[in-house]
Each structure stands twice: as structure tokens, then as C-alpha cells.
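> Shown below is the structure under consideration.
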Amino acid sequence: DGNIEEQAILDFEEIFGYTKGQIRNGATHHYIDPPNNFLPVDNVTWVDQVDENESNITSDTWAGSGLFIIDGDLKITGGFFYGILWVTGKLTITAGNPHIEGAIFVEGVSEIDKTKITGNPIINFNSDAVTQSFKLYLASADLVEVLSWFE
């Protein structure tokens, strides 16, 4: 439901209320060039692709949730994800039967061939998954409380 805005410019900080650096530094899990089907992916997960490889989710039994940010390319051919998926590079969903509930953001240049979806994926916008993912990070910022102060 709602309007589709093609070739929209995605502003990470405007959407999440935090910079990429803030979320990266506060992530529950932080991976650098991880192997295929890496786990865990829950709460807030940040992946850095520094060697220009792509992250791969290939197993039908893989499952992740929360706010999942790939700073690079991602290829999905299986598994289940519930939450917000943010990819700064190319997203490829081919073959297999991946299932995604929530929202997908693909940042970067606006070339039609940067995002490719084929096969039999199930991709559903799910407002509950999106709301829960926002609460994971934003609520954690509210948990910090000054108990005492010493000068």
C-alpha cells in the first residue's frame, strides 16, 4: 500500500535518525567480509565488504531478523529474513526460495541493473517487522541513563 517513488534518493540519517557511523558503532553484530550464511543476524547487524566481495545468503535454513545493513553487495538465494534490509551496493535475489518480510532499501547509483530479482522469492512489505526493527536500535538509545555525575 502507498505510493512508489522510483529513483528516490535514500537518506540513511533521515530514515533512521542516526548516521551510518553511529549505527555501525552500536551494532549488536559487526562482520567484515563474512563467509556465506554467516550467523547470528539479529537485533542490529552491520556487514562491511572491504575486499569488493559480496555477502551471500544461500541456505534455505538460514534465518535472520532486525536491522540488517550490508555495506557492499548482497546475493540472496535462500533463507528467511524478518525486518529491515539496507544494502549500499548491488542486491541480487536469484534462484532458490528466499523469504523476506519487512522492507528493503537499496542505495547507490540508480541503474536498473543494480538490483536483480528472479526465481521464486517471497518479498512482503510488513509494517510490524519494520516497526520492530526501528525499535531495536532506537529503543537501545533510550536505555542509556545518567545515574551519577562526578566532576
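> Among the residues of the range 62-72, are any assigned to a strand (DSSP E or B), crowded, with 23+ Cβ neighbours inside 10 Å and touching a residue at least 60 places away in the same chain (Cβ under 8 Å)?
Yes, the range 62-72 has at least one match.
> I would also like to ask the following. Take the residues in the range 133-151 that are outside any loop (DSSP other than H, G, I, E, B) and open to solvent by 100 Å² or more (accessible area, probe 1.4 Å), then tell me which one is modelled with the highest pLDDT. Working first, answer last.
Keep residues of the range 133-151 that are outside any loop (DSSP other than H, G, I, E, B), which gives 133-142.
So of that shortlist, the ones also open to solvent by 100 Å² or more (accessible area, probe 1.4 Å) come out as 135, 142.
Numbers: 135: 77, 142: 46.
Looking at residues that are outside any loop (DSSP other than H, G, I, E, B) and open to solvent by 100 Å² or more (accessible area, probe 1.4 Å), I get 135.
> Suppose we keep only residues that are at pLDDT below 80 and over 17 Å from residue 70 (Cα atoms) within the range 90-116. Which one would you say is most open to solvent (accessible area, probe 1.4 Å)? I'd like the intermediate steps shown before the answer.
In the first step, residues of the range 90-116 are kept if they are at pLDDT below 80; the result is 95, 108-116.
Those still in the list that are over 17 Å from residue 70 (Cα atoms) too: 95, 110-113.
On the way: 95: 56, 110: 77, 111: 99, 112: 161, 113: 104 Å².
The selected residue is 112.
> Note down all Cβ pairs under 7 Å where the first residue falls in the range 8-29 and is open to solvent by 60 Å² or more (accessible area, probe 1.4 Å), the second is hydroxyl-bearing (Ser, Thr, Tyr), and they're at least six residues apart or on different chains.
Going by the 7 Å Cβ cut-off, the qualifying pairs are 13/19; 28/45.
> Can you tell me which residues in the range 92-109 are out of contact with any Phe, Trp or Tyr (no Cβ under 9 Å at 6 or more places or on another chain) and not hydroxyl-bearing (Ser, Thr, Tyr)? Full working, then the answer.
So the first thing to find is which residues in the range 92-109 are out of contact with any Phe, Trp or Tyr (no Cβ under 9 Å at 6 or more places or on another chain), and the list is 92-97, 108-109.
Answer for the range 92-109, where residues must be out of contact with any Phe, Trp or Tyr (no Cβ under 9 Å at 6 or more places or on another chain) and not hydroxyl-bearing (Ser, Thr, Tyr): 93, 95, 96, 97, 108, 109.
> Continuing with this model, one more query. Residue under question is residue 83, and the condition is that it be at pLDDT 70 or above, at positive phi and surrounded by fewer than 18 Cβ atoms within 10 Å (Cβ to Cβ); does it hold? Please lay out each step first, then the result.
Working: at pLDDT 70 or above: yes; at positive phi: yes; surrounded by fewer than 18 Cβ atoms within 10 Å (Cβ to Cβ): no.
No, not satisfied.
The values are calculated or read from the model by the stated rules, or taken from the named source; none is laboratory data. Remember, it's a predicted structure, so these values are computed and weren't measured experimentally. Reconstructed Cβ throughout: ideal geometry from the backbone, glycine too, with neighbour counts over all protein chains shown. Note: accessible area is taken over every heavy atom of the protein model, side chains too, but ligands, DNA and RNA are not part of it. Shrake-Rupley method; radii C 1.70, N 1.55, O 1.52, S 1.80 Å.
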